[in-house]
1. Anything over 20 Å Cα to Cα? Flag those among Lys283/Lys322; Lys107/Lys213; Lys283/Lys329; Lys173/Lys322; Lys150/Lys173, in the order listed.
2. Report the label-to-label distance for His232 and Ile12 in nanometres (one decimal), using points 7 Å from each Cα along the Cα→Cβ vector.
3. Note down the magnitude of the dipole of region 107-228 about its Cα centre, charges +1 on Lys and Arg C-beta and -1 on Asp and Glu C-beta and zero elsewhere, to the nearest 20 debye.
4. Quick one: 3J(HN,Hα) in Hz for region 211-217, Karplus 6.51/-1.76/1.60 with θ = phi - 60°, rounded, Gly and Pro as x.
5. With +1 assigned to the C-beta of every Lys and Arg and -1 to the C-beta of every Asp and Glu, and no other charges, what is the dipole magnitude of region 161-285 about the Cα centre in debye, to the nearest 20?
6. Just want to confirm a number: the relative contact order over region 107-228, from Cα pairs under 8 angstrom separated by 6+ residues, in percent.
7. Just to check I understand the Karplus step: with θ = phi - 60° and J = 6.51 cos²θ - 1.76 cosθ + 1.60, what whole-Hz values come out for region 155-169, glycine and proline as x?
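What follows is calculated from the coordinates using simple rules that are stated; it is not laboratory data. Keep in mind that what you see is a predicted model, and the values were worked out from it rather than measured. We place every Cβ from the backbone using ideal geometry, glycine too, and count neighbours over all the protein chains shown.
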Amino acid sequence: MKNNSEIYKAGIFVLALVVIGTAGYMYIEHFNFLDALYMTVISMSTVGYGEVHALSPAGKIFTMLLIVSSLGVVGYFLSHMTQNFFRTQFGFFFGRASRKLKKQKMKNHVIVCGYGRNGSQVVSELLAYHEKVVVIDKEHELILNHQSSKVEFVEGDSTEDEVLLNAGVKDAKALITALPIDADNLYVVLSARALKPDLNIISRASNDSAERKLRMAGVNSVVTPERVGGSHMATLVAQPDVVEFLERLNVHGDSPVQLMEIICTNLPEDLIHKPIKDIGLRKITGANILGYKTASGDYIINPDPNTRLYPNSKLFVVGTIKQIEELRKVLGGTIDKNYYRDKNH
């Protein structure tokens, strides 16, 4: 940070002046090291103690120059130390009050518990989708370093109900707990589920045993990083082109071609119960339908052209932002990730 670099620079100046002063007294007055250092310190601090030995005319001139130089250097160092202290303390407390006001107004956001390797990656992906994010973490220094970020931070233990409430859990649409300890993730799930029974909760797990316990606690989805990573590495050997294809056809918010969900909440009357082939979605919009989820929760991969549309069903489509928007208009549904980058408008 800029403020810290200024403090380091000022500290180097002070140290350099101490070295010059000590060396000067040892050379001019032939003082031993301790006496020379003592004279340098009392001269720079201007405390007014007497000399350890009588000074020669050259020593007096050197002392005057040392005092004048130290007024600027030490003052520069102390001023930056003071500014940094007050900026850190007052900035944190007033900034925290401001952030609390923002969180009180925040609704339909995502809470991420833990800002480690997994948590920071989750936040990065959510921001790509323009999601509103609140991060809970116990590291005070981390909170201070991210005061100016787009993400709201809450300092505290995410296993505590009060901290979850401060993060707006009752108004959140989802919670992702990415803490490194399975027991902590389990406790977060139990606390969050009790505070908001219908909250969508996603948790990290380190093994199958932890996954079973988390599902029993009421988590909606469990992700095991080791399992996902192992599967990915094996696929890179067995079917490398498949991985390459999927990486090109990704679901990142900044990708020109995206895989998205469209919820058919407001199907027009003439489309209800109508087969996909009779609507001609591909011809009209250019988007391709890869999957279908019925209103009862059943998944159909590569649905048959005779598959019929029903209210509250969901289509998984691939296409450009413009194509997906056209498809949404035809179906009268809503895009699950409701954002569009300005460049695509």
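1. Over 20 Å Cα-Cα: Lys107/Lys213; Lys173/Lys322.
2. 4.0
3. Value, rounded to 20: 480 debye.
4. In residue order, the calculated couplings are 4, 4, 5, 5, 5, 5, 7 Hz.
5. 280
6. 23
7. After applying 6.51 cos²θ - 1.76 cosθ + 1.60, I find 8, x, 8, 5, 7, 8, 4, 4, 5, 4, 5, 5, 7, x, 4 Hz.
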